[in-house]
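Accompanying notes for the structure given below.
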């Protein structure tokens with residue numbers, strides 16, 4: 001455990017950010033929350049058919065593979081789940097998947 005120099009809270013060694021005051025250990029300063037919200041910027045995408053802006057439907061996680069027998073739910077924990085941003089056209093219904101921006 002390490003102590004935050006800003007608020008004196010105990011923080012696990014593997015965390016780079018204080019949970020209480022948002023002090024960043026690598027940057028040695030308090031980080032504003034709005035810095036993290038910039039990661040969720042929506043793309044500006046036009047439909048290739050209708051040429052109107054597509055709307056974001058959300059982020060969806062898809063499971064690779066199929067359920068296996070009686071223990072299907074247990075084996076799903078060991079399978080890969082991919083996350084995609086889904087956009088749709090409100091005019092023609094076209095759907096597009098994109099890898100989320102990091």
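Go through region 16-41 and count every residue that is outside any loop (DSSP other than H, G, I, E, B) and at pLDDT below 85.
7
For region 1-15, give me each residue that is surrounded by 13 or more Cβ atoms within 10 Å (Cβ to Cβ) and not in a strand (DSSP E or B).
4, 6, 7, 9
Say we look at region 44-63 and pick out the residues that are in a loop (DSSP other than H, G, I, E, B) and touching a strand residue (DSSP E or B) at 6+ places or on another chain (Cβ under 9 Å); which of these is surrounded by the most Cβ atoms within 10 Å (Cβ to Cβ)?
Start the filter on region 44-63 by keeping residues that are in a loop (DSSP other than H, G, I, E, B), which leaves 44-45, 47-52, 54.
From the residues that got through so far, the ones that are touching a strand residue (DSSP E or B) at 6+ places or on another chain (Cβ under 9 Å) too are 44-45, 47-48, 52, 54.
On the way: 44: 7, 45: 15, 47: 19, 48: 11, 52: 12, 54: 22.
Taking the candidates together, the pick is 54.
Restricting to region 75-102, give me the number of residues that are surrounded by fewer than 10 Cβ atoms within 10 Å (Cβ to Cβ) and modelled with pLDDT under 75.
4
The values are calculated or read from the model by the stated rules, or taken from the named source; none is laboratory data. Quick caveat: nothing in here was measured; it's all calculated off a predicted structure. Positions of Cβ are backbone-derived with ideal geometry, glycine not excepted, and every protein chain shown enters the neighbour counts.
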